[in-house]
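S.K.: First, the structure itself, so that you have it in front of you.
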Amino acid sequence: MLKGIDNRLNADVLYALRAMGHGDLLVICDTNFPADSIARETVLGELLHMENLRAAEAIEAILSVLPLDTFVDDFAGRMEVVGEPSTIPPVQMEVQNAIDAADGRKERMVSIERFAFYDKARTAYAVIQTGERRFYGCFMLRKGVIPPEN
């Protein structure tokens, strides 16, 4: 345990979050996502786990240390429901609420078609698989910057 660090964040996840740079993508996915095969193609090259958490819980913990990019519209994305791109399932609304609480911008996540999501995930810095079992619990976050204190 570390003082001031959310105890839901494990050492492997903290390492990846710290190593990421401005603009790098992070994938947070559910248990049905092809996480291992896609993670092998990312910058990190290995799958990270937060298996004891639902998607919103994992993202809440991640956003306690990770700033979101403020220079782009795709600071956060969600996998679209196949055939229903405007449908927002409860799992995605929970994550949107976590983003709103952490970020304060109140901007909506961009929606990403399922196969486009897979393709974009392969270019990510890392993939974190959660214990989320609800469908469409797959998200992308783009790392922002922390400004100097003065």
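The values are calculated or read from the model by the stated rules, or taken from the named source; none is laboratory data. Since the model is a prediction, treat every value here as computed from it, not as a measurement. In this analysis, Cβ positions are derived from the backbone assuming ideal geometry, glycine residues included, and neighbour counts consider all displayed protein chains.
S.K.: Only one of ALA61, ALA76 is in contact with a strand residue (DSSP E or B) (Cβ under 8 Å, 6 or more places away or on another chain), over 14 Å from ARG142 (Cβ atoms) and not charged (D, E, K, R). Can you tell me which?
M.R.: One residue alone meets the criteria, ALA61.
S.K.: Quick one: in region 17-36, of everything that is out of contact with any strand residue (DSSP E or B) (no Cβ under 9 Å at 6 or more places or on another chain) and over 21 Å from ILE5 (Cα atoms), which residue is surrounded by the fewest Cβ atoms within 10 Å (Cβ to Cβ)?
M.R.: Result: PRO34.
S.K.: If you don't mind, another one. If I go through region 71-116 residue by residue, how many of them are of a type in the set (A, V, I, L, M), surrounded by fewer than 19 Cβ atoms within 10 Å (Cβ to Cβ) and over 24 Å from VAL145 (Cα atoms)?
M.R.: Qualifying residue count, region 71-116: 5.
S.K.: Check whether at least one residue in region 80-90 is at pLDDT 95 or above, within 23 Å of GLY21 (Cβ to Cβ) and not hydroxyl-bearing (Ser, Thr, Tyr), and report yes or no.
M.R.: no
S.K.: Would you call GLN92 of a type outside the set (Lys, Arg) and free of Cβ contacts under 8 Å to residues at least 24 places away in the same chain?
M.R.: In short, no.
S.K.: Among the residues of region 122-135, are any more than 22 Å from ALA19 (Cα to Cα), in contact with a helix residue (DSSP H, G or I) (Cβ under 7 Å, 6 or more places away or on another chain) and buried (at least 22 other Cβ atoms within 10 Å of the Cβ)?
M.R.: Yes, some residue in region 122-135 is more than 22 Å from ALA19 (Cα to Cα), in contact with a helix residue (DSSP H, G or I) (Cβ under 7 Å, 6 or more places away or on another chain) and buried (at least 22 other Cβ atoms within 10 Å of the Cβ).
S.K.: Within region 103-118, does at least one residue satisfy the condition of being modelled with pLDDT under 95, not β-branched (Val, Ile, Thr) and not in a loop (DSSP other than H, G, I, E, B)?
M.R.: yes
S.K.: Additional query: Among (1) of a type in the set (S, T, N, Q); (2) modelled with pLDDT under 95; (3) within 16 Å of ARG114 (Cα to Cα), there is one condition THR70 misses while meeting the rest; what is its number?
M.R.: (3)
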